[in-house]
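Below: one structure in structure tokens.
We did not get these values from a lab; they are worked out from the coordinates using the rules stated. Just so it is clear, the model here is predicted, and its values are computed rather than measured. Don't worry about glycine lacking a Cβ; one is built from the backbone with ideal geometry, like all the others, and counts go over all protein chains shown.
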Amino acid sequence: MAEGQLLKNNNTPIISRHGDPTPMYFKLQMILKNEIEGRKWRPGHAIPTERALAQIYQVSLGTVKQALLNLVNEGYLNRIQGKGTFVLGSALRSGSLRYHRLLRNFKHKEAELKMKLLTINEVPCSTPVDRYLGIRQGQKLYEIKRLFLHGEKPLVYTVSYLPQKLFPDLDKWSTNRFEKTPLYLALEQHYHLPTILNHELFGTTLADGEAAQALHVRKGRDLLTIEMISFTYRQKPYEYRQTYCLTHEYKIFRETQRRFRSAGGTRPI
């Protein structure tokens, strides 16, 4: 059978070149991307081998190789020599996805933080959270309030909003699970939705009563604020987070790396 003349079988998508100038590798690339986003293969799991994919979709090995390379470059897959090709999860995607990294200065060690769950409640969605998460006002959200401490000293206070419909029974998790596992990773492990992208806005504010009480400071104290929207597959927003930081002693640390693309994956240099 010639490449591109696959008949639909066992729900395998049809790939046809007749009357369509789109390159075969791109058609296969989009099919595999949809399979990943549809969670046929979960984050951290291996996908079929190149030869198996070529047989399943009745295309050449060259077509498969190009499609997989493009998905590696897009951040959907990670290729490990001698082991296979794996769906990237949040942790694999960035190595270490930590949102609150605090240092006194470049020469000091990173502050060790412990997380304390304050409350998790069901609340109705309101403005501007509805716009940020792309849902209607009144829909149910989980509101999660947490505190990050260095020793016994609170340094970071966060309030997260997540759609109840996307994360059913999240409020039934144990306190220990919230406090021992980063939220993004726990969500990925349980609901198989990795973090693909974050948008952040940095600013300053004066501590209101709630933030002041949580951080043990007086009202009106200067605080660093971080607003964040987290996205999963198909650019779907799944979390809106407000963060309040005390930065008079410790500063927020961000590390960026230049990256290059290769057949072996995306690597920092």
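Taking the alpha-carbon distance from K65 and a cut-off under 12 Å, which aspartates and glutamates remain once sequence neighbours fewer than 8 residues away in the same chain are dropped?
E50
Additional query: Does region 19-146 come out rounded, prolate or oblate by the C-alpha gyration tensor, with a ≥ b ≥ c the root eigenvalues, rounded set by a/c under 1.5 and, if not, prolate when a/b is larger than b/c and oblate if not? Could the numbers behind the result be given before it?
Values: a/c = 2.94, a/b = 1.60, b/c = 1.84.
Taking the square roots of the gyration eigenvalues as a ≥ b ≥ c, region 19-146 is oblate.
Where the centroid of each part is defined by its Cα atoms, how far is region 142-160 from region 183-255 in Å?
Each part reduced to its Cα centre gives a spacing of 10 Å.
Which of the peptides 168-179, 76-87 is most tightly packed, and how do the rest follow, going by the mean number of other Cβ atoms within 10 Å of each residue? Don't skip to the end; give the middle numbers.
Working: 168-179: 12.0, 76-87: 15.8.
Descending packing order for the listed peptides: 76-87, 168-179.
Test of understanding: what is the full-extension gain from K236 to L103, defined as 0.36 nm times their sequence separation minus their Cα-Cα distance? The partial results should precede the final answer.
Values: separation 133, 0.36 × 133 = 47.88 nm, distance 3.22 nm.
Roughly 44.7 nm would be gained on extension.
Let me ask another. Quick one: Karplus J couplings for region 186-191, per residue in order, coefficients 6.51, -1.76, 1.60, θ = phi - 60°, nearest Hz, x for Gly and Pro?
So the Karplus estimates, Gly and Pro as x, are 5, 5, 5, 5, 8, 10 Hz.
Here's something else I'd like to know. Scan around L77 for amide H atoms under 5 Å from its own, H built in the peptide plane at 1.01 Å from N, and keep only partners 5 or more places away or cross-chain.
Under 5 Å from the amide H of L77: V72, L88.
Per 0.36 nm of contour for each residue apart, how much would the distance between D171 and H190 grow if the chain were fully extended, relative to their Cα-Cα spacing? All intermediate terms of the calculation are to be shown ahead of the outcome.
Working: separation 19, 0.36 × 19 = 6.84 nm, distance 1.30 nm.
Contour length minus the Cα-Cα distance gives 5.5 nm.
Under a plain spin-label model, where a point goes 7 Å from the Cα along Cα-to-Cβ, how far apart in nm are E227 and E110?
2.7 nm
Any of K153/K219; K40/K83; K109/K153; K116/K172; K172/K219; K109/K219 with alpha carbons more than 27 Å apart? Name them for me. Let's see the in-between values first.
On the way: K153/K219 17 Å; K40/K83 20 Å; K109/K153 17 Å; K116/K172 17 Å; K172/K219 33 Å; K109/K219 30 Å.
With Cα atoms farther than 27 Å apart: K172/K219; K109/K219.
Can you pull the one-decimal nm distance between simple spin-label points at T181 and T247, each 7 Å off the Cα toward Cβ?
The two pseudo-label positions are separated by 3.1 nm.
Counting only helical runs of four or more DSSP H residues, what would the 222 nm mean residue ellipticity of the chain come to if each run contributes -39,500 (n - 2.57) and the total is spread over all its residues?
On the way: 8 runs with 67 residues, N = 269.
Counting only the DSSP helices, I get -7000 deg cm²/dmol.
Further question on the same structure: Would you please state the base-10 log of I(q)/I(0) at q = 0.15 1/Å for region 93-252, with intensities from the Debye formula using one equal scatterer on every alpha carbon?
Calculated log10 I(q)/I(0) at the listed q: -0.85.
What are the ³J(HN,Hα) couplings of region 22-37, residue after residue, when phi is run through the Karplus curve with 6.51, -1.76, 1.60 and θ = phi - 60°? Round to Hz, x for glycine and proline.
4, x, 4, 5, 6, 4, 5, 4, 5, 5, 5, 4, 5, 5, 5, 5
Additional query: Cα gyration tensor of the chain, axes a ≥ b ≥ c as square roots of the eigenvalues: rounded (a/c below 1.5), prolate (a/b > b/c) or oblate? Could the numbers behind the result be given before it?
Values: a/c = 2.73, a/b = 1.96, b/c = 1.40.
Because a/c hits 1.5 or more and a/b exceeds b/c, the chain counts as prolate.
So, one more: How much space per residue, in cubic angstrom, does the convex hull of the C-alpha atoms of region 24-88 take up?
Values: hull volume 4.8 nm³, N = 65.
Looking at region 24-88, the number lands at 74 Å³ per residue.
Right, here's the next one. Quick one: 3J(HN,Hα) in Hz for region 227-241, Karplus 6.51/-1.76/1.60 with θ = phi - 60°, rounded, Gly and Pro as x.
Those phi angles translate into 9, 9, 10, 9, 10, 10, 3, 6, 6, 8, x, 10, 9, 10, 10 Hz.
For the Cα atoms of the chain, what angle does the longest principal axis make with the long axis of helix 61-73, in degrees from 0 to 90, nearest 10?
10 degrees
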